[in-house]
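To start, the structure itself, in structure tokens.
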Amino acid sequence: MGLLFGRDKTRLPRPNEALPGRDEAMSVPDRHAVLNAPLAPPYPEGTEVAEFALGCFWGAERRFWQTEGVVTTAVGYEGGYTPNPTYEEVCTGLTAHAEAVRVVYDPSRVSYRQLLKVFWEAHDPTQGMRQGGDIGTQYRSAIFTRSDEEYAAAEESREAYGRELKRAGYGDVTTEVVPAGEFYFAEDYHQQYLHKNPAGYCGLGGTGVSCPVGVASADG
């Protein structure tokens, strides 16, 4: 399991092993199917952008578009080498990308720390290169930060939530906290997939362990 033509899909490829990709960006819809906001920039004035990876992006995106204060969301690929990859390429494990969610939010209505709380509680961040039955590097847990403040908040939350998980009998947190790279939009049919397909697959499942209130304080 997790092998593709003899290759271990839980091992990140080296840059020289990555697929070449392409120059053309993926075409995406103009408006969010649920929130009726733009999927791609420019975003409404005063909003900020956060990006997370927490397993299959179908269920992950829904968790965030249901969060108060989120203006728009989109799914895509981040953290790897291959420019403008297709879903099929990402599934080979040869792009190094994770399935990611872009969250555009109004910081006067929801803080970055509150988004971190949603992130942690929506999945099991101790599983390494998998999330439940979804196995491969694309399903790893990651926080892509855009400032020193975000990085510090993400690291603090990782440590705090890790302590709570340990108390509950879970292993070490495997979530990466890394500077955001290029976010490549996924294909049209992946955007708001579970809205378009209400009975669609969602492999996302949390641990049931609450993120400490202090980590998710409203002071940003």
Requested in this report: Identify all residues within region 121-177 that are touching a His at 6+ places or on another chain (Cβ under 9 Å) and modelled with pLDDT under 95; write none if there are none.
Outcome: Gly132
Report task. Provide a single number: the residues in region 96-128 that are farther than 27 Å from Glu48 by Cβ and touching a Phe, Trp or Tyr at 6+ places or on another chain (Cβ under 7 Å). Result -> 1
Requested in this report: Go through region 53-99 and give me each residue that's among the aliphatic types (A, V, I, L, M) and within 17 Å of Gly206 (Cα to Cα).
Outcome: Ala53, Leu54, Ala60
Query raised in the report: Does region 78-90 contain any residue that is closer than 25 Å to Glu155 by Cα and surrounded by fewer than 23 Cβ atoms within 10 Å (Cβ to Cβ)?
Result: yes
Query raised in the report: Mind checking whether some residue in region 43-54 is in a loop (DSSP other than H, G, I, E, B) and of a type in the set (A, V, I, L, M)?
Result: no
Query raised in the report: Using beta carbons and a limit of 6 Å, which pairs, at least six apart or on different chains, have the first residue in region 28-53 and free of Cβ contacts under 8 Å to residues at least 60 places away in the same chain and under 19 Å from Arg146 (Cβ atoms) and the second one among the basic types (Lys, Arg) and surrounded by 18 or more Cβ atoms within 10 Å (Cβ to Cβ)?
Result: none
Query raised in the report: Would a scan of region 89-96 turn up a residue that is part of a helix (DSSP H, G or I), at pLDDT 95 or above and of a type in the set (Asp, Glu)?
Result: yes
Query raised in the report: Looking at Pro15, is it of a type outside the set (A, V, I, L, M, F, W, C), over 13 Å from the mean Cα position of the chain (by Cα) and closer than 16 Å to Gln191 by Cβ?
Result: no
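The values are calculated or read from the model by the stated rules, or taken from the named source; none is laboratory data. Nothing here was measured: the structure is a model prediction, and the numbers come from that model. Because the Cβ atoms are built from the backbone with ideal geometry, glycine has one as well, and the counts that use them run over all protein chains shown.
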